[in-house]
Amino acid sequence: MNRLPSHGPDGPDGPDGPDGFDGRLDAKAVAWLDQALAEAAEAAESGNGPDNVAVPRWELRFAAAGRHCGQENADTVRTLLLRRAAADVDTLTRLYQRGTAAERRAVLLTLPHLVPGPEAVPLVEDALRTNDTTLVEAAVGPYAADHLDPHAWRHAVLKCLFTGVPVAAVAGAEHRADGDTELARMLSDFASERTAAGRSVPADLHRVLNMTGEES
């Protein structure tokens with residue numbers, strides 16, 4: 001019978017679930033996740049930095065999450081592993097740089113929970129340079145809202161408009177856009193360029209322009 005795993009406050013039945021799972025886990029997946037979380041917790045107790053050539057077992061499970069728990073659950077499983085392992089910035093950076101797009105997305109989604117300062121901003125900036133909308137959307141979450149400087153944040157908003165990522169995905173947009181006359185100017189210029197080229201202006205552009213208080 002299918003069921004969700006049961007864990008403590010940081011597990012799937014804590015703040016991260018069970019609603020965090022898009023698909024149910026069968027008994028085999030539950031057992032796999034139990035073992036993976038135990039290995040991640042052990043790594044947290046012993047420290048995350050690799051002391052030898054061997055890759056920590058929980059990191060191998062991080063990469064294999066979709067295969068064992070279903071692609072629909074991979075983000076949730078990977079973020080659970082990162083949080084249980086208390087992954088530091090070095091570990092997050094290594095996993096991001098070596099990972100697939102899906103693995104990179106999980107790292108980005110976990111940043112607000114693991115990195116209180118701006119040390120991981122380079123990962124967000126890297127994601128925003130791509131045209132992968134799943135990475136762009138993950139990059140404009142709460143961590144970006146808290147740590148991107150105004151110039152970078154404005155360009156992140158424009159990146160969303162350009163790639164079709166919904167502005168609703170931009171965490172803290174109303175707060176950060178409020179009164180931002182430079183963002184309003186950039187949005188107006190972008191709209192003018194689109195109109196001059198005979199292209200439609202994204203509806204979300206007017207929504208953000210309204211947030212700035214400069215919408216006419």
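Take E72 and H155, extend 7 Å from each Cα along the Cα→Cβ direction, and tell me the distance between the two endpoints in nm.
Each label point lies 7 Å from its Cα, and together they span 3.8 nm.
Can you check what the net charge comes to around R61, using other residues whose Cβ is under 13 Å from the Cβ of R61 (Lys, Arg +1; Asp, Glu -1)?
So the surrounding residues net to -1.
Could you please state, rounded to a whole Å, how far the C-alpha centre of segment 188-216 is from the C-alpha centre of segment 112-128?
Cα centres, segment 188-216 to segment 112-128: 28 Å.
Tell me the angle of helix 74-84 to the major Cα principal axis of the chain, expressed in degrees between 0 and 90 and rounded to the nearest ten.
With both axes taken from Cα atoms, the answer is about 70 degrees.
Estimate the FRET efficiency between D88 and R57 by the formula 1/(1 + (r/R0)^6), using the beta-carbon distance for r and 25 Å for R0, to the nearest 0.05.
0.90
At 7 Å along Cα-to-Cβ for each site, give me the label-to-label distance between A38 and N131 in nm.
Going by the 7 Å Cα→Cβ label model, 4.7 nm.
Sorting check: for 133-141, 35-43, which peptide has the highest mean count of neighbouring beta carbons within 10 Å, and how do the rest follow?
For the peptides 133-141, 35-43, the packing ranking is 133-141, 35-43.
Probe radius 1.4 Å, ligands and nucleic acids left out: which of S200, S188 has the largest accessible area, and how do the rest follow?
S200, S188
For the chain, which whole-number percentage of the solvent-accessible area (1.4 Å probe, protein heavy atoms only) is attributable to carbon and sulfur atoms? Let's see the in-between values first.
Details: 5350 of 10880 Å².
Carbon with sulfur: 49 percent of the solvent-accessible area.
Got the relative contact order for the chain handy, in percent, Cα pairs under 8 Å and 6 or more residues apart?
Once normalised by length, the contact order is 13 percent.
What are the ³J(HN,Hα) couplings of segment 165-174, residue after residue, when phi is run through the Karplus curve with 6.51, -1.76, 1.60 and θ = phi - 60°? Round to Hz, x for glycine and proline.
Whole-Hz 3J(HN,Hα) from phi for segment 165-174: 6, x, 4, 4, 7, 7, 5, x, 4, 4.
The values are calculated or read from the model by the stated rules, or taken from the named source; none is laboratory data. In this text, all values refer to a predicted model and were calculated from it rather than measured experimentally. As a convention, Cβ positions derive from the backbone with ideal geometry for all residues, glycine included, and neighbour counts pool all protein chains shown. These accessible areas exclude ligands, DNA and RNA; they are computed on the full protein's heavy atoms, side chains included. Shrake-Rupley method; radii C 1.70, N 1.55, O 1.52, S 1.80 Å.
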